[in-house]
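These notes concern the structure reproduced below.
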Ligand SMILES: [Fe+2]
Ligand SMILES: [Fe+2]
């Protein structure tokens, strides 16, 4: 027997495709309580669970008319080739090139899986099968499965703005952290895609973004600290996209704090993602201009929030859904006291989401280095500065919740201690001593870079003298030292 036949993963992938096929065929002709159909569901579920034993999902995709499973090409065997090719055509005809199934399928009820199989089958009768399918799946909360019209290259799925250099850190990207990084990278490429298509005047939907935002909400529910950590990613290029994603993350975390439902957090995340979409309509030389803008240029820039609302309306998506995320992007520069732009009179208060995005937008903007302002404000200084506008530009209550969430020294803040050492805040300070967070010490290397050192608790005292071992002297600008806090945190 050749090695190829021994390839377990390929065989399992093949079995999974056959199981999917029989599930679809059986669901077509039998009712939910039919034994054959029940067996088909069981078999399908079992195979998914088996394949993703050590991973969070099964990832199946089609490239050049070949199936790939978990990154490995499926080997075609003579006796199954016909069936596999049939599945290939089945999916390609529906414009499905990536199918991922989350390991949480374990908890999914059989009739939901049957409903999914029937949707897959029926989608062929729709104008845009995938768009229709995604809408249906969204309405029926089928979060455990994801379909895409493009092939997801796993290399690109890790395509973060800055990759950690140490091998050690790669190991750490498995499990939950790896999932967070993946979602970040995925949603970043999806927002870029939307912006690119919009500026090329192409039809574009919200499906891709909605699904990833949904995933992020679920993950924030599990552990918001990881997400707050990843929002410290700052880059010059792609600033608008990274900024939009960070605003989405910070807003969703704040939304969770004030008790918003999952559904509301998702909507808030979408508002965050699209709040600056209108910048694609403003000339790049204005958006990235170093030095002061002329009055005319500033006026042009100020139009971006109106453009954002207009472009959201242009998205190819359900009108109702678009209407729900239109207002906050329009409002995000108006200010709590309406002293910002656009001016529409003092008639009404900003929407709740508008007030949230006003806060997260400013925070992320002033803590990010920009082409025209290479050094950013340190996170704790940014919060101080924002406090001075509490009740004027910012909603005072929401700002308080935000500061509470970020901590006096937010995650990713670079600090200098009286011992001469430096460290990055990796965990918020305890409630009883908000100025003594847990940090990750950095050791300088000969090449001017910094290496990950030991974690240290600033609350730690010398056992002999009872004096704190380290005290914060000042906060530093990570960007001026070429440091990307996220690289060390994730
Ligand atoms: Fe903006
Ligand atoms: Fe913004």
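Quick note: the coordinates plus some simple rules give every number you see, no bench work behind them. Just so we're clear, the structure is a prediction, and the values are computed from it rather than from any experiment. A quick note on method: Cβ atoms are made from the backbone with ideal geometry, for glycine too, and the neighbour counts reach across all protein chains shown.
Summary of computed values
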item	result
Neighbour-count order for 44, 468, 241, fewest beta carbons within 10 angstrom listed first	468, 241, 44
Computed label-point distance, nm, for sites residue 28 and residue 42 using a 7 Å Cα→Cβ extension	2.4
Separation of alpha-carbon centers, region 57-72 and region 413-490, rounded to whole Å	43
Degrees between helix 175-199 axis and first principal axis of the chain (Cα, 0 to 90, nearest 10)	90
Estimated FRET transfer efficiency when R0 is 56 angstrom, pair residue 93-residue 433 (beta carbons, to 0.05)	0.35
Footprinting exposure proxy for 132, 61 (fewest neighbouring C-beta atoms within 10 Å first)	132, 61
Rounded, prolate or oblate (a/c below 1.5 giving rounded, otherwise prolate when a/b exceeds b/c) for region 258-324 by Cα gyration tensor	prolate
Exposure proxy order (Cβ contacts within 10 Å, fewest to most) of 357, 105, 220	105, 220, 357
Computed E for residue 127/residue 49 - FRET, C-beta separation, R0 25 angstrom, nearest 0.05	0.10
Cα-projected label distance for residue 443 with residue 112, points at 7 Å along beta-carbon direction, nm	4.8
Extension reserve of the residue 324-residue 387 stretch, reckoned as 0.36 nm per residue once the Cα distance is removed	19.7 nm
Rough spin-label spacing in nm, given labels placed 7 Å along Cα→Cβ, for residue 284 and residue 468	4.6
Distance from region 255-282 to region 131-149 (C-alpha centre basis), Å	20
Contour excess over end-to-end distance, with Cα ends at residue 313 and residue 221 and 0.36 nm allotted per residue	30.2 nm
Degrees, to the nearest 10: 110-122 long Cα axis against longest axis of the chain	80
Global geometry of region 352-469, whether rounded, prolate or oblate, following the gyration tensor of its Cα atoms and the 1.5 cut on a/c	oblate
Degrees separating the helix 396-406 axis from the principal Cα axis of the chain, which is the longest one	70
